[in-house]
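Take a look at the structure set out below.
The values are calculated or read from the model by the stated rules, or taken from the named source; none is laboratory data. Please read all numbers here as calculations on a predicted model, not as lab measurements. Backbone-built Cβ (ideal geometry, glycine too); neighbour counts: all protein chains shown. Remember, those area values only see protein heavy atoms, side chains included, never the ligands or the DNA or RNA. Shrake-Rupley method; radii C 1.70, N 1.55, O 1.52, S 1.80 Å.
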Amino acid sequence: MDVPVSSPAGSLETGDKESRLKITEIFLSLQGESSRVGWPTVFVRLTGCPLRCQYCDSEYAFYGGNWHSTVSVLAEVRKFGVKHVCVTGGEPLAQKACIGFLSELCDAGFSVSLETSGALDISGVDPRVVRVVDIKTPDSGEEQRNRWDNLAGLRPRDEIKFVLCSRADYDWAKQVLTRYGLVERCEVLFSPSHQQLPARDLADWIVADRVPVRLQMQMHKLLWGNVPGR
Ligand code: SF4
């Protein structure tokens, strides 16, 4: 299994076809995004994504990976000994077994979040899971993939994330907030695209406009740079 040295995932075993996940890496780090920022968190990165956002920092998860049973992945997660688990990708929901795996994590007592592109149906995700749902902006190159129906089913514990590449993206995102009444329904995160939009510019715009969103800085990149497995 092609995983960082820090991961014990090399001991995973292959499972049956009905409950398998294709995994790129499993690792322990600090949560760098969302309202859960700063918590020691186990990340389970699933392989594959049907989107191609121009700023993607997880391209190494598009291909490769290895199949493993959800039971064995859960066992690996337990070994790290922390409460918080983030299922990410790629696009985790592109794998059928992901929905069941999320519930298995909740049943096992973990506090679970899911990072998803917003391009796939999120309605089947266990309500105990915090769904962090992207809305793809025009400058992402994948705006046409937004599944707007997802927004009707948002829960108060969910979070919406915009990765913003420009002033034009920012103005577009503000219009989306108003059109869908998003800030009244759940937490909204505005994140500057790494090395494309200065965080200070975005901070100044948010303050000047009194936009009730949370600025998100991707803490893991500030701490360790843009490297896999951190
Ligand atoms: S949805 Fe996420 S993983 Fe997929 S291309 Fe976009 S940024 Fe990369």
#### Entry: Arg78 vs. criteria open to solvent by 30 Å² or more (accessible area, probe 1.4 Å), among the charged types (D, E, K, R) and under 30 Å from Cys165 (Cα atoms)
no
### Task
Starting from the range 155-177, take each residue that is closer than 23 Å to Ser113 by Cα and among the small types (Gly, Ala, Ser) and list its partners that are in a helix (DSSP H, G or I) and open to solvent by less than 60 Å² (accessible area, probe 1.4 Å), counting only C-beta distances under 9 angstrom and pairs at least six apart or across chains.
none
#### Entry: Single residue of the range 35-48 satisfying the filter (crowded, with 20+ Cβ neighbours inside 10 Å and within 16 Å of the ligand (Cβ to nearest atom)) that is farthest from the chain's Cα centre (by Cα)
Thr47
### Filter result (within 16 Å of the ligand (Cβ to nearest atom) and open to solvent by 30 Å² or more (accessible area, probe 1.4 Å)) within the range 22-34
Lys22
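Table: residues versus (1) in a helix (DSSP H, G or I); (2) farther than 26 Å from Ser19 by Cα; (3) open to solvent by less than 50 Å² (accessible area, probe 1.4 Å).
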{"residue": "Ile122", "(1), (2), (3)": "no, no, yes"}
{"residue": "Arg128", "(1), (2), (3)": "no, no, no"}
{"residue": "Asp149", "(1), (2), (3)": "yes, yes, no"}
{"residue": "Arg157", "(1), (2), (3)": "no, yes, no"}
{"residue": "Ala168", "(1), (2), (3)": "yes, yes, no"}
{"residue": "Asp171", "(1), (2), (3)": "yes, yes, no"}
{"residue": "Thr178", "(1), (2), (3)": "yes, yes, no"}
{"residue": "Gln195", "(1), (2), (3)": "no, yes, no"}
### Query
Of the residues that make up the range 55-66, is at least one more than 22 Å from Ser140 (Cβ to Cβ) and buried (at least 20 other Cβ atoms within 10 Å of the Cβ)?
yes
### Qualifying residue in the range 103-111 (condition: away from the ligand (no atom under 12 Å from the Cβ) and open to solvent by less than 10 Å² (accessible area, probe 1.4 Å))
yes
